[in-house]
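A.B. asks: Please find one structure pasted underneath; my questions will follow.
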Amino acid sequence: MARRRTGPSETVRELVYQRDGGQCARCGSAHLLTIHHRVNRGMGGAREAWINRPENLLMACTTCNGWFEDHPGESYEAGWKVRRPQRPDEVPVRYPGGRLYRLTRDGVRVMAVAVAR
Ligand SMILES: [Zn+2]
């Protein structure tokens, strides 16, 4: 019997947790962590293959997870949220301390240079 699954696998969750150092990607808290989707899952779950891959996922505490939804402008600016049709591997993420990283599908983060807009 197939189990219905709309979220990331345990393996991917573990990768994201390790990549983000077991901390919230916005505030650095290690408490009440959840997996945050940078590009929202559409209605009816994931259509794109990358929606549950590491580059689309961040560790976020429950406070920041709600903050992202309440502050979309700042969240897009920092890469905590990504707007379609941009892809999550194209948009760097600002981590605590202000460093920008690009996220890869392998669950690695690579230091990025800020691009002037
Ligand atoms: Zn947080």
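A.B. asks: Give the residues of the stretch 67-95 whose amide nitrogen is closer than 16 Å to a point set 7 Å from the Cα of R47 in the direction of its Cβ.
C.D. replies: 83-88
A.B. asks: While we're looking at this one, here's another question. With charges only on Cβ, +1 for K and R and -1 for D and E, what is the dipole size of the chain about its Cα centre, in debye, rounded to 20?
C.D. replies: Here the size comes out at about 300 debye.
A.B. asks: Evaluate the stretch 10-111: find the radius of gyration of its Cα atoms, find its Kirkwood radius, and give the ratio Rg to Rh.
C.D. replies: 0.92
A.B. asks: May I pose another question? Compute the acute angle (0 to 90°) between the alpha-carbon long axis of helix 10-19 and the principal axis of greatest extent of the alpha-carbon atoms of the chain; round to the nearest 10°.
C.D. replies: 10 degrees
A.B. asks: While we're here: For the stretch 61-66, just list the computed ³J(HN,Hα) in residue order, Karplus coefficients 6.51, -1.76 and 1.60, θ = phi - 60°, integers in Hz, with x standing in for Gly and Pro.
C.D. replies: 6, 5, 4, 5, 4, x
Only the coordinates and a few stated rules stand behind these numbers; no lab work does. Not measured: the values here are computed from a predicted model. FYI the Cβ positions are ideal-geometry reconstructions off the backbone, even for glycines, and counts take in every protein chain you see.
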